[in-house]
Amino acid sequence: MTSITHHIPDQLLLDYASGRMTEAFALVVAAHVSLCDDCRARLSAHEMTGGAVLEAHDSAPLSDRLRHSVLSQLDDAVDDAPVYQRSSIFPAPVMEALKGRPPKWKPLGRGVRQSILKHGKSGSVRLLYIPPGLDMPDHSHGGLELTLVLQGAFSDEGGRFGVGDVEVADHEVEHKPVAAKGEACICLAATDAALKFNAFIPKLFQPIFRI
Amino acid sequence: MLAVRDKRDKRAFAALFDHFGPRLKGVAMRSGLSSGQAEDMVQDVMLSLWRKAHLFDPTRAQVSSWLYQIARNRQIDILRKENRPMPEALKAESEVTEESTSEALGLEQEVGALKAALAKLKPAQREMVEKAYLGELSHTDIEAETGLPLGTIKSRIRLGLEKLRHELDGIRKP
């Protein structure tokens, strides 16, 4: 928990807190925050501000029926949703996306494997397994890419990324990651669906990435 | 909130409902929900507060920040049919000690300062903060532009987390 040097930029933490961020990226943020107390504290500060905004917000009167309905349900038994725990290298939100099962790896060639967790029109998120020492072919992507290291390490133009580190790359970044020697590198990587922008994504990241 | 958590006090819960319910509805309607949908959301959020109260830790959260989170989750679910992955929950310190009480009090004071700063913002800045936190616009640096004291709150929570990790380590390595 001490060696994380690449964090989630503040704007992305705020986009997560406010709910603007799509599910694929939000999974990477939730997984990083699970590993990084510094980002957890920054996120909490944003949530406090969100709470203050809520408290200062204009009210809308509630119907009498609602109060009665809520108070009468307090003693109802509820089925708890399953709570997933961290398992080996995978933080709880990743285990949740895996529904508690080990990843289903599919080969991509040269020993690289992937396991897609979510794929939709607003983006996709996957686990990547890269054998030690392998250089990944330069990959291009349409918009933003967030990569969180869960095991091993990789290096590229942005520096060295070890367990818990997040790389934030946009389409302007030349991206030629090389996995460190030793242990295989396992990452959680989210991208917005390339070439299939809905209006939401470019608007979301325009201020920082000038798409 | 501690009465709700520790004593399952329904009257205390009703007071939280009366205070926050109408505000939650106001925020929900602002995002385009009908009055009926907004009330369904208020119901889900407030019941969730009651059912998850055991996870509440006043040294790291406030009732309002907790409700904010839960409400954002519900709203994403209703408006976008998406789930929002949440970070691993940390164990709440259930024992109320003198130290944890003073930590919680310290955080409350900092949040008080934040609320005061929010209330003093010029209307345009305040609107920007509202829009950013209610997901209507993306923003780069709220703290630098508005002077809201987010850094002090972050530092306090950070210290609390360090202490918690320290205690957990102590339990793991007897």
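The values are calculated or read from the model by the stated rules, or taken from the named source; none is laboratory data. Computed from a predicted model, the values in this text were never measured in an experiment. Ideal geometry is used to build each Cβ from the backbone, glycine not excepted, and the neighbour counts take in all protein chains shown.
A few remarks follow.
- On the stretch given as segment B:89-105, residues that are modelled with pLDDT of 85 or more, under 15 Å from B:Leu164 (Cβ atoms) and not in a loop (DSSP other than H, G, I, E, B) total 2.
- Checking A:Ala45, A:Ala77 one by one, the residue that is touching a Ser or Thr at 6+ places or on another chain (Cβ under 9 Å) and either at the interface with chain B (Cβ under 8 Å from one of its Cβ atoms) or of a type outside the set (Val, Ile, Thr) (or both) is A:Ala45 and no other.
- Flag if A:Leu66 is in a helix (DSSP H, G or I) and in contact (Cβ under 8 Å) with a residue 60 or more places away in the chain: no
- Taken over segment B:17-40, the criterion of being under 15 Å from A:Arg65 (Cβ atoms) and in contact with a helix residue (DSSP H, G or I) (Cβ under 6 Å, 6 or more places away or on another chain) is satisfied by B:Phe17, B:Gly21, B:Lys25, B:Ala38, B:Glu39.
Listed here are the residues, each with its yes/no results for (1) crowded, with 16+ Cβ neighbours inside 10 Å; (2) farther than 15 Å from A:Leu43 by Cβ; (3) β-branched (Val, Ile, Thr); (4) assigned by TED's automatic domain parsing to the domain that holds B:Gln62.
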site: B:Leu105; (1), (2), (3), (4): no, yes, no, no
site: B:Leu121; (1), (2), (3), (4): yes, yes, no, no
site: B:Arg126; (1), (2), (3), (4): yes, yes, no, no
site: B:Val129; (1), (2), (3), (4): yes, yes, yes, no
site: B:Ala132; (1), (2), (3), (4): yes, no, no, no
site: B:Leu148; (1), (2), (3), (4): yes, yes, no, no
site: B:Ser155; (1), (2), (3), (4): no, no, no, no
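- Residues that are free of Cβ contacts under 8 Å to residues at least 12 places away in the same chain and farther than 29 Å from A:Ser87 by Cα occur in segment B:76-93; there is at least one.
- Search result, residues across segment B:24-68 that are in contact (Cβ under 8 Å) with a residue 60 or more places away in the chain and among the aliphatic types (A, V, I, L, M): B:Val27, B:Val63
- The conditions of being within 17 Å of the chain's Cα centre (by Cα) and without any contact (Cβ under 8 Å) to a residue 12 or more places away in the chain are not met by B:Ala71.
- Residue, farthest from the other protein chains (Cβ to nearest Cβ), within segment B:1-14, restricted to residues that are over 16 Å from the mean Cα position of the chain (by Cα) and not in a helix (DSSP H, G or I): B:Asp9
- Within segment A:85-99, considering residues that are surrounded by 10 or more Cβ atoms within 10 Å (Cβ to Cβ), at pLDDT below 95 and not in a strand (DSSP E or B), the one farthest from the other protein chains (Cβ to nearest Cβ): A:Gln85
- Of A:Pro61, A:Pro103, A:Pro82, all but one fail to be in a loop (DSSP other than H, G, I, E, B), at pLDDT 95 or above, more than 12 Å from the chain's Cα centre (by Cα) and more than 8 Å from chain B (Cβ to nearest Cβ); the exception is A:Pro103.
- Of all residues in segment B:15-73 being outside any helix (DSSP H, G or I) and of a type in the set (S, T, N, Q), the one that is surrounded by the fewest Cβ atoms within 10 Å (Cβ to Cβ): B:Ser34
- Criterion: touching a Gly at 6+ places or on another chain (Cβ under 9 Å) and away from chain A (no Cβ under 11 Å) - qualifying residue of B:Glu167, B:Glu103, B:Glu98, B:Glu143: B:Glu103
- Conditions (1) facing chain A (nearest Cβ under 10 Å); (2) over 25 Å from B:Ala15 (Cβ atoms); (3) outside any loop (DSSP other than H, G, I, E, B); number of the one not met by B:Met86: (3)
- Pairs, first closer than 15 Å to A:Ala184 by Cβ in segment A:102-114, second at pLDDT 90 or above and loosely packed, with under 13 Cβ neighbours inside 10 Å, C-beta under 9 Å, six or more apart: A:Arg113/A:Lys106; A:Arg113/A:Pro107; A:Gln114/A:Lys106; A:Gln114/A:Pro107
- Here B:Ala119 passes the criteria (1) free of Cβ contacts under 8 Å to residues at least 60 places away in the same chain; (2) in a loop (DSSP other than H, G, I, E, B) except the one numbered (2).
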